[in-house]
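A.B. asks: Pasting a structure below so you can have a look.
Values quoted throughout were computed directly from the atomic coordinates according to the rules given, and no laboratory measurement underlies them. This structure is a prediction, so every number in the text was calculated from the model and none was measured. All Cβ positions, glycine included, derive from the backbone under ideal geometry; neighbour counts span all protein chains shown.
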Amino acid sequence: MRLTLVRHGRPDEGDTARPHDPPLRADGRRQAQAVAALLAGEGVTRVVASPLLRAHQTALPLAERLGLPVDTVDGWAEADRHLARYRSTETLRAQGEAEWARFLADPVRYLGGDPEAFRAAVLGALQVSIDGEREAHVAVFTHGMPINVVLSHVLGLSKIIHFQPGYGSVTRLRARNAERIGVVSVNESGHHQLPLT
C-alpha cells in the first residue's frame, strides 16, 4: 500500500472569523492545487483529511479531480486543535530562540496537549488509514506534527520533532501494515515550482 502524507497549504494566520482554525490563504490554495496536479495521475484511491479546515481545504482539489469523497479521520488533527488561535511555526520561531527551544523541547505539551495521547491518536489514525487493499494509494492531508509522529515511529526515533514539513509538501510511505512501513521520500516540494495543469 502507498500512503502519501501531505501537509496542508499555508493558512491565513490573521483570519479573524476563525482564528483557531483558519482557512487557507491565496498561496495556500495555490499549494493545494499544485498537490492535486502532482497526485491526480498517481492512482490515489482514497483521500483522507484531518478535521481542521486548512487540511480539508488542501484535500478538496485532489478529491474533486478524482471524484472521491474526503474522509475525515480525527486522529490526523494537529496538536494545537483546541487552542484559541493558530500560530505557525514561523510565528513561534519569531518569538525568539528561548521560546523556540521551549517549543522544540516538548511541542505537544507546549500547545496544551498530552504527548502520549497525541501520539496514540496519530498512530491510531495511521492504522485506520492503511487498513484496506494492498494496492490502495491513500492520500492523507494533515499537519506537521502528525507527519513527524509517523516518521519518528517508522524510523524508531524517540523525539517527535525531527523534520519541518513545508506547506503543501509530500511525504511518501510504503506500508504492509502499521508495523512494516518504509519511507520513500520526505518533504517533497518541487511540485510548487511547476505550472499547474
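A.B. asks: Would you kindly give the portion of the calculated P(r) for the range 126-197 that falls above 16 Å, as a percent of all Cα pairs?
C.D. replies: 52
A.B. asks: Output the relative contact order of the range 1-114, whole-number percent, from Cα pairs under 8 angstrom with separation of 6+ residues.
C.D. replies: This gives 24 percent for the range 1-114.
A.B. asks: What FRET efficiency, computed as 1/(1 + (r/R0)^6) with R0 = 45 Å and r the Cβ-Cβ distance, is obtained for residue 74 and residue 101, rounded to the nearest 0.05?
C.D. replies: Rounded to the nearest 0.05, the efficiency is 0.90.
A.B. asks: OK, next. Give me the number: length gained by fully extending residue 110 to residue 176, i.e. 0.36 nm times residue separation minus the C-alpha to C-alpha distance, one decimal in nm. Show your work: numbers first, answer last.
C.D. replies: Values: separation 66, 0.36 × 66 = 23.76 nm, distance 3.38 nm.
My answer for the length gained is 20.4 nm.
A.B. asks: Could you give the length gained on full extension between residue 189 and residue 137, defined as 0.36 nm per residue of separation minus the Cα-Cα distance, in nm?
C.D. replies: Taking 0.36 nm per residue and subtracting the Cα distance, the gain is 16.8 nm.
A.B. asks: Another question, if that's okay. Any idea what Rg and Dmax come out to for the chain if you just take the C-alpha atoms, in Å?
C.D. replies: 15.8, 47
A.B. asks: Then there is this: In square nanometres and to one decimal, what's the mean projected area of the convex hull around the Cα atoms of the range 14-80?
C.D. replies: Working: hull surface 19.3 nm².
Computed as one quarter of the Cα hull surface, the answer is 4.8 nm².
A.B. asks: With each pseudo-label sitting 7 Å past Cα toward Cβ, what's the residue 157-residue 90 distance in nm, one decimal?
C.D. replies: Each label point is offset 7 Å from its Cα along the Cβ direction, giving 2.3 nm.
A.B. asks: Compare the Cα positions of 107, 120, 169 along the charge dipole of the chain (+1 at Cβ of Lys, Arg; -1 at Cβ of Asp, Glu; about the Cα centre) and return the one farthest towards the positive end.
C.D. replies: Looking along the dipole axis, the top candidate is 169.
A.B. asks: Amide H neighbours of residue 186 under 5 Å, counting only residues 5+ apart in sequence or on other chains, H built in-plane at 1.01 Å?
C.D. replies: Sorted by chain and number, the residues that satisfy this are 172.
A.B. asks: Quote the FRET efficiency, to the nearest 0.05, computed for residue 65 versus residue 117 with a Förster distance R0 of 41 Å and r equal to the Cβ-Cβ distance.
C.D. replies: FRET efficiency, residue 65 to residue 117: 0.70.
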